[in-house]
Amino acid sequence: GAAAAAAAARPAVDSIAHDELVVEQLSAQVPAKFGQFARVLVMQRPYDGVALCERMHAYGINLRYMGALTIALTQLAAAVPPLQRPTVLDTCELVVAEMVARAAKHVLHRWLRACHPCG
């Protein structure tokens, strides 16, 4: 009974701890990668959200890190000469628009699932 349940729960806890450790280790590598990618993204400006997502995946950056990418782009905008700033900020605006679109898609998907559970 209870001992078996506790034993079954232990691997899940160990798995969670392992996952947290992996995320922590990978997070230490993230800031430099975002700074590099922000520069690449500004030079090879994506024209829409699909191109943005393709470039992120090609560079090995998960889409969940779009918020961190906006921080890197904002920092880059502060560091570039004033004439280049609009280009960086336009790229940042595209990333924010894609974040909003993806969030709206998830909310609408859940809402539609609730309204039409068979679909």
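Taken together, the values in this text are just the output of simple stated rules run on the coordinates, not laboratory data. All values derive from a computational prediction rather than experimental measurement. Cβ atoms come from the backbone with ideal geometry, glycine included; neighbour counts cover every protein chain shown.
Per the conditions (1) more than 16 Å from the chain's Cα centre (by Cα); (2) among the aliphatic types (A, V, I, L, M); (3) not in a helix (DSSP H, G or I), the sole criterion not satisfied by Ile61 is (1). When segment 80-112 is filtered for residues that are in a loop (DSSP other than H, G, I, E, B) and either in contact with a Cys (Cβ under 9 Å, 6 or more places away or on another chain) or surrounded by 10 or more Cβ atoms within 10 Å (Cβ to Cβ) (or both), the ones remaining, listed by number, are Val80, Gln84.
Within segment 64-91, restricting attention to residues that are within 13 Å of the chain's Cα centre (by Cα) and hydrophobic (A, V, I, L, M, F, W, C), the residue that is farthest from Lys105 (Cα to Cα) is Ala72.
Condition check ((1) surrounded by fewer than 17 Cβ atoms within 10 Å (Cβ to Cβ); (2) part of a helix (DSSP H, G or I)) across all residues:
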| residue | (1), (2) |
| --- | --- |
| Ala38 | no, yes |
| Tyr47 | yes, no |
| Gly67 | yes, yes |
| Ala77 | no, yes |
